[in-house]
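To start, the structure under review is shown below, and the notes come after it.
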Amino acid sequence: MSFLGLRFKEVIVSSSGHATTQQEQESSARPRRSKSKFGCRECKARRVKCDEAYPTCKRCQRQGIVCSSAPRLTQWQIETPWLSLQPKTFVNRRLLQYWLEKVSQTLVIDPENNPFSFPALEYIAQSSALLHAIQSVSASHEQYFSANTPIIALEERGKAIACLRKEINQSQHAPNALILTIMLLALAQCADSDTKDYGKQHLFATRAMIHSMLQNTSMLATNGPAIQLCLGMYLYWDMCSSFLVDPCESQGLNSLNISNAVHRMGDWHHPMYGTCSGLLLIMANVGRYCRQILDSPQNRNFVQEAVLEAQLTTWKTSPANPRLGHLYEAFRNHGLIFLYRAGAHAQSSCLMDPDSSEAQESLIQQYAEETVRHLMQIPATSHYLNFQSLPLLTVGSELTESNQSLRDQVRDRLRAIYSLNRLPANLLALRLLEELWDARDRGNPSFWLPHMLQKDWRLLLG
Ligand SMILES: [Zn+2]
Ligand SMILES: [Zn+2]
């Protein structure tokens, strides 16, 4: 049975009891209900009217506070056929529906093309591990990944791990279902209250799977898009954690194998990030290099830096639309600033020299300001928000006292991302930024990565 392209229309039941779809409702141009029933938590607590703007309502935005709304689920017109495929006791319909409609949308740039939502039902029906991982993440997401993880989320996570152990050795399980399961388990773990845990074991497990996938030529030949989906998930995840992995731990995949695989992907449109696979690989290498010279500044390698800088500046793609282009420019500038700042930091720890030259400082400033402007070209209602927290931290940390309005925009944006994907790392990144801005304003600017590591935090942002 194929679920590709299966869509559900939202059913609205009017006061007369007559059910219409949203489209019919819109075309009948009825006046909008004026009283808010579903306002955000903050407006409800203050008993004021909420405009229900998503992800941040107007009132919360004006007040500069985090807006937490309770997303409404739709009423489905058709009974889903897949429920019979699993023993019914496994399926928590509410949590699964919440995943299909809401949580899965935080993983992609385009809700209309989301292989992790309805199309994934095919895999969910076959993999109990995936079903439980999804239900665990949904239960945590529903509670804003609170410090006290809901019991059901923990139970579901335990079941997912137990099932995964069995499924991982069975060849009939699709690699993308396994990798999605592992990625969700990592996400759930990172969102727990331990700020040191970035899900290293899960990342390494995925890396081993990608490694054997790249060795398996028959799999590469027959499984095109599924393999590319896996590879892209790994590329994005690897980029986000490249500077978190201790340099004494095993580093990325064989660079020739992975760069060949990325080359084969070319401009293939990945649902998580579009056509920037090549840029993600460069950014991951930048992240690994920066962490290495942070830990061993004497190993700074100017040739490697020049190569990485040239790769970043010359990387090109044809984004599907201008907003995606803004996101990619933000990624590129994040990479460049990261590289310059790590180099300057290594220099200062080796030679007791000033941090960096005036010319380089002004270049970093220029990139930082440019990047905030790029990101603000993307509206706060866009799904592209899901992929902005890392560049926001890097460029945000470089903003000076004279850039208060850009700092405010960075604050608003990180809060909006949190309202959307609810991952606590976004608010922790904002906390880091406030500390870095304070220090900078007192005349002690510092690089965000060592500052974060000194706090013993390993934030997985992205
Ligand atoms: Zn509100
Ligand atoms: Zn609000």
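The values are calculated or read from the model by the stated rules, or taken from the named source; none is laboratory data. Just so you know, these numbers come straight off a predicted model, no measurement behind them. Note that each Cβ is placed from the backbone with ideal geometry, even for glycine, and that neighbours are counted across all protein chains shown. For accessibility, only protein heavy atoms count, side chains too; no ligands or nucleic acids. Shrake-Rupley method; radii C 1.70, N 1.55, O 1.52, S 1.80 Å.
Details
- For the chain, the longest principal axis of the Cα atoms and the long axis of helix 151-167 meet at an angle of about 80 degrees.
- The chain: C-alpha gyration tensor shape, a/c 1.5 cut-off, then a/b vs b/c: oblate
- Modelled FRET efficiency - R0 41 Å, residue 144 with residue 259, Cβ distances, 0.05 increments: 0.60
- Note on the chain: with neighbouring protein chains present and a 1.4 Å probe, carbon and sulfur make up 51 percent of its accessible heavy-atom surface.
- Per residue solvent-accessible surface (Å²) - the chain, probe of 1.4 Å: 45 Å²
- When the alpha-carbon atoms of region 269-327 are used, the pair Rg, Dmax equals 14.0, 43 angstrom.
- When the charge dipole of the chain is built from unit charges on Cβ atoms (+1 for Lys and Arg, -1 for Asp and Glu) and taken about the Cα centre, the candidate among 292, 259, 220 whose Cα reaches farthest toward its positive end is 220.
- For region 294-404: rounded, prolate or oblate by the Cα gyration tensor [a/c cutoff 1.5]: prolate
- Approximate spin-label separation residue 154-residue 359, in nm, with each point projected 7 Å along Cα-to-Cβ: 5.8 nm
- Difference of contour (0.36 nm per residue) and Cα-Cα distance, residue 316 to residue 44: 93.2 nm
- Amide N of region 399-440 lying under 17 Å from the label point, which is placed 7 angstrom from the Cα of residue 194 along Cα→Cβ: 424-425
- Here the chain is treated with +1 on each Lys and Arg Cβ and -1 on each Asp and Glu Cβ, and its dipole about the Cα centre works out to around 1740 debye.
- Helix 224-241 axis, angle to the chain major axis (alpha carbon atoms, nearest 10°): 50 degrees
- The string of couplings for region 339-349 from the Karplus curve (6.51, -1.76, 1.60, θ = phi - 60°) is 5, 5, 5, 5, x, 5, 5, 4, 4, 5, 6 Hz, one whole number per residue in order, with x for Gly and Pro.
- As a length-normalised measure over Cα pairs under 8 Å and 6 or more apart, the relative contact order of the chain settles at 14 percent.
- The long axis of helix 175-191 is offset from the longest Cα principal axis of the chain by roughly 70 degrees.
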